Amino acid sequence: MRTVTVNASRVYNIEIECGILDHVGEVASKVIKPCSAAILTDTNVGPLYAERLEASLISAGYSPIRFTIAAGEQSKSAESYLSFLNFLASHQITRSDCIFALGGGVVGDLAGFVAATYLRGIRFVQIPTTLLAMVDSSVGGKTAIDLPSGKNLVGAFYQPSLVLCDCETLSTLPREVFTDGCAEVIKYGIINDRPLFEKLKNPICDQIEEVIERCVADKRDLVNAYERDVGVRQLLNLGHTAAHSIETLSDFAISHGKAVAMGMAIISRTATKLGYCPEEDTAEILSMLKNYNLPTECEFSARELAEIALSDKKRSGGKINLIVPFGIGNSQIHELGVDKLESFFSAGL
Ligand SMILES: NC(=O)c1ccc[n+]([C@@H]2O[C@H](COP(=O)([O-])OP(=O)(O)OC[C@H]3O[C@@H](n4cnc5c(N)ncnc54)[C@H](O)[C@@H]3O)[C@@H](O)[C@H]2O)c1
Ligand SMILES: [Zn+2]
């Protein structure tokens, strides 16, 4: 078992081990006394893994109950939020009980926001089952639901009590969803972890526990000092300014991971054109993305990308912060006048 300890407003462990799903009860009971365990899962993950989770919880003395949402982003909604709250209340879940989130980022974000707000906060355990959820959404304490006018518009910063990553669950993940997660993994390498980037030149599946451990430790270190979106945490947005525009312009037909890959490709090419990033590093970034079947070209114009980005919430005053690789493992925050954004994108297209 690999353990990464996060020292946030709550101190908790992220445990990474193939097959840990069958030991969740035992591992969780060291942190949370056996109690009622409200499992949130979705219609894809529940049938695959919820029975094993329940059996493990029961054997450790927990009393599990299960609530299942439809798989997909549309379930990160106010309706699901209220339904799950009502489910908890109707089962007399109290502050000494606990929520277990079994699924991808959608389940994790929704479960976390419910945990943050039900009875003004009850404990929750994350059991992420997508690569993205393991390396990204279960670390950092952001929880949220969507509104019809935009994603993640309602949420809270709220830390789990424990995160358990069972790499074996990744074997049932649709290939495209796994590939999406790889974009975020590669991102950590480009931000500040060149050794991770080098490791990714070998097949990720042969070293998955180690890769997940490195990514969560990297994210932990980037968010440790700041639980909110300031300072070095911004580095996590590498590739994401263009990515958000690409997702929006494609009406979300282009997945988040693919959009992030395109965004990282654009910004790396721009960085090289402007003389910030050595040409060979950008070439390596592009070939890494291609090796993981991720796209590096985008069909939208610099003007389209810039227009959407500038209507985004992250714009402040006449400046925008972009994350720019000055080399693999050395990305930095770069402040840019908003009037320069279009030409910045244009250089990388
Ligand atoms: N909180 C954060 O810091 C943070 C960071 C990044 C992303 N997010 C959020 O995460 C969400 C995306 O997460 P995601 O990519 O995990 O999406 P997801 O939860 O929708 O999962 C993707 C698909 O895979 C299925 N699935 C999950 N695990 C499976 C498994 N082991 N086997 C078979 N199928 C499985 C799901 O049912 C779903 O259909 C978005 O809502 C995003 O906003 C949050
Ligand atoms: Zn992302």
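Amide H contacts of Asp42: Ile69, each under 5 Å away and 5 or more positions distant or on a separate chain (H built 1.01 Å from N in the peptide plane; Pro and chain starts excluded).
Each part reduced to its alpha carbon centroid, segment 99-145 and segment 174-204 end up 22 Å apart. Entry note, the chain: the mean residue ellipticity at 222 nm calculated from DSSP H runs of n ≥ 4, each adding -39500 (n - 2.57), is -12000 deg cm²/dmol after division by the residues and rounding to the nearest 500. Measuring how big the chain is from its alpha-carbon positions, Rg and Dmax come out at 20.0, 61 Å. Highest-first packing order for the peptide set 320-333, 296-309 is 320-333, 296-309, based on the mean count of other beta carbon atoms within 10 Å.
Between Asn86 and Asn291, the simple spin-label model (points 7 angstrom out along Cα→Cβ) gives 5.1 nm. The angle separating the long axis of helix 78-90 from the principal Cα axis of greatest extent in the chain is about 20 degrees.
Residue by residue, segment 94-108 carries 3J(HN,Hα) couplings of 10, 5, 8, 8, 8, 9, 10, 9, 10, x, x, x, 5, 4, x Hz when phi is fed to the Karplus relation 6.51 cos²θ - 1.76 cosθ + 1.60 (θ = phi - 60°); x denotes Gly or Pro. In terms of its alpha-carbon gyration tensor, segment 213-285 comes out oblate; a/c meets the 1.5 threshold, while b/c is at least as large as a/b. Packing order of peptides 247-253, 105-111, 178-184, highest average first: 105-111, 178-184, 247-253 (average count of other Cβ atoms within 10 Å over each peptide's residues). Dipole of segment 44-151 computed with +1 at Lys/Arg Cβ and -1 at Asp/Glu Cβ about the Cα centre; of Cys98, Thr130, Phe84, farthest Cα towards the positive end is Cys98. Projecting the Cα atoms of Val163, Val177, Asn192 onto the charge dipole of segment 157-208, computed from C-beta unit charges around the Cα centre, puts Asn192 farthest toward the positive end. Over 23 Å apart at the Cα level, from the set Lys273/Lys319; Lys258/Lys340; Lys142/Lys219, are Lys258/Lys340.
Sorted fewest first by neighbouring Cβ atoms within 10 angstrom, Ser83, Ser171, Ser245, Ser138 come out as Ser171, Ser83, Ser245, Ser138. Against the chain, whose longest principal axis is taken from its Cα atoms, helix 256-273 shows a tilt of about 30°.
Values in this text are rule-based calculations from the coordinates and carry no lab data. These figures come from a predicted structure and were not determined experimentally. FYI the Cβ positions are ideal-geometry reconstructions off the backbone, even for glycines, and counts take in every protein chain you see.
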